[in-house]
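Below is one structure; the comments refer to it alone.
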Amino acid sequence: MAGPLLSLAVTAFAAAQYAIGRPVAPEAWLAIAPLLASLAQRRLGQARAVARVAQSALLREVPRSVAAARLASRYLSASAESQVGGDLVEVIADGANPRWLVGDTRGKGLPAVRLASVAATSFRDACAQPGLSLTEVVRAVEESVTRAAGEEDFVTAVFAELDPAGWIQLVNCGHPPPLRLSTDGELRPLAPAAFTAPLGLHPDLHLSTFSVRTGDRLLFFTDGLLEARDRAGRFFRVDQQIQALSRPDLQAAADELLDRLCAHTRRRLDDDVAVLLAELTLTDPGLQPARPGQQPAAGVIVGAA
């Protein structure tokens, strides 16, 4: 309350001086500026601190390793003031088959954060229930999002389950498909045969299964990565980032990818960006990296639910 009270005091003093015919010294107004700036800066710092706490509750720390994979996760907010948005990355490391969710909530601000929190929480709860398939988990998340969403709200999302025997299952709900960087340096999307609607819009869920190998890297991301532009309006080309994604150290690869993104946009993002980079370390001895010149097995659709 110090700022408003001081402002009122200075205004009252100036009015009194004017009433008795004395000139108002400009220093009286200038004196308040540093204090008000200090108070505004303190409030901004407090707001950022609260936003960081909210973000840490929504975006739990992603482990650096799960069964059969190493992970690197990064998040960039389009708003330096809030540092939190509707993008989410959630990893369930329990059990032999890790699962994860990467999603993007329509809109910005607190409503988007709230809906993202609903999606992340329901995903954790569903994965904690024994015996649920990935499709059943997605259906549980869809029901929670539908109950919480407004008429025009939705969440695009891709759900994954990694089988150490050499398979990854995906359910894609209106989200950009992840990319697979194979051991021979080829970058391809893991795209389903048919895309479905986002969560909250009653998607017809389809399960896709793709074969993978030790050494493959999988890049999951939100559409802020694809829609980032430079000042000339040119999009950031993820398909041209093979060198960055191939760096030997996985964490350095994730950092270089976002460093290139920031250089492309000059650190001016129109949308939040969340990425999850996974390097597969399968334990099955029959699933070793393909020899040079040998193509990895292609992904196939195995059914719908």
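The values are calculated or read from the model by the stated rules, or taken from the named source; none is laboratory data. Just so it is clear, the structure is predicted and the values come from calculations on it, not from any experiment. As a convention, Cβ positions derive from the backbone with ideal geometry for all residues, glycine included, and neighbour counts pool all protein chains shown. Calculation scope for accessible area: heavy atoms of the full protein, side chains included, ligands and nucleic acids excluded. Shrake-Rupley method; radii C 1.70, N 1.55, O 1.52, S 1.80 Å.
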- Query: In the stretch 151-190, what residues are open to solvent by 40 Å² or more (accessible area, probe 1.4 Å) and closer than 27 Å to S117 by Cβ?
  - Reply: E151, E152, D153, F154, Q169
- Query: Counting only residues that are assigned to a loop (DSSP other than H, G, I, E, B) and at pLDDT 85 or above, how many does the stretch 61-79 have?
  - Reply: 6
- Task: Output the residues belonging to the stretch 191-215 that are among the β-branched types (V, I, T), under 16 Å from G166 (Cα atoms) and either at pLDDT below 95 or open to solvent by 20 Å² or more (accessible area, probe 1.4 Å) (or both).
- Result: T214
- Among (1) under 28 Å from L280 (Cα atoms); (2) surrounded by 15 or more Cβ atoms within 10 Å (Cβ to Cβ) - the single one A148 does not satisfy: (1)
